[in-house]
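Novice: Sharing a structure here in structure tokens format.
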Amino acid sequence: MNGQSEAGILNILKDLIQWNYAGIPLIHQETQWDFDPEISKLRREQYYELHGYRGAKYLERIGQGFDGRHRERALQQKIRDDGHLQGLNLLQP
């Protein structure tokens, strides 16, 4: 083999090891993050107010669509679910 093909094979092997086994160089860089647990507690409360526990309000909003007919759909769902436990008949006595 000539020197150029050997260099090409070595580059392929180096790339395979670096990108698949060792990881890209960006993974091995150290970073610093400013973290304040008190701010996290405040933001958690804000998230619950806006999106509900575990995002329940958010899921309901995206389920009603973004085309401006969300109030109409919310009313239809309320009528459909009236008298049901969370919309389920399975848990009714």
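Novice: Select from region 10-68 those GluC sites (Glu not before Pro) which occupy a DSSP coil region and have at most 10 other Cβ atoms within 10 Å, ordered by residue number.
Specialist: Here the GluC sites (Glu not before Pro) that fit, given the DSSP loop and packing criteria, are Glu30.
Novice: What residues have an amide H closer than 5 Å to that of Gly52, excluding those fewer than 5 places away on the same chain, when H is modeled at 1.01 Å from N in the peptide plane?
Specialist: Sorted by chain and number, the residues that satisfy this are Lys57.
Novice: Can you pull out the trypsin sites (Lys or Arg not before Pro) in region 41-78 that DSSP calls coil and that have at most 16 other Cβ atoms within 10 Å?
Specialist: Passing both the DSSP loop test and the Cβ count: Arg69.
Novice: Residues with beta-carbon under 13 Å from that of His51, excluding His51: net charge, scoring Lys, Arg +1 and Asp, Glu -1?
Specialist: +2
Novice: To make sure I understand the rule: partners must be lysines, Cα under 22 Å from the Cα of Lys41, and not fewer than 8 residues away in the same chain. Which ones qualify?
Specialist: Answer for Lys41, where 22 Å is the Cα cut-off: Lys57, listed by chain and number.
Novice: Give me the net charge of Ala74's neighbourhood, meaning all other residues with Cβ under 11 Å from the Cβ of Ala74; Lys, Arg count +1, Asp, Glu -1.
Specialist: +3
Only the coordinates and a few stated rules stand behind these numbers; no lab work does. Model, not experiment: these values are computed from the prediction. Here the Cβ is made from the backbone with ideal geometry for all residues, glycine too, and neighbour counts use every protein chain on show.
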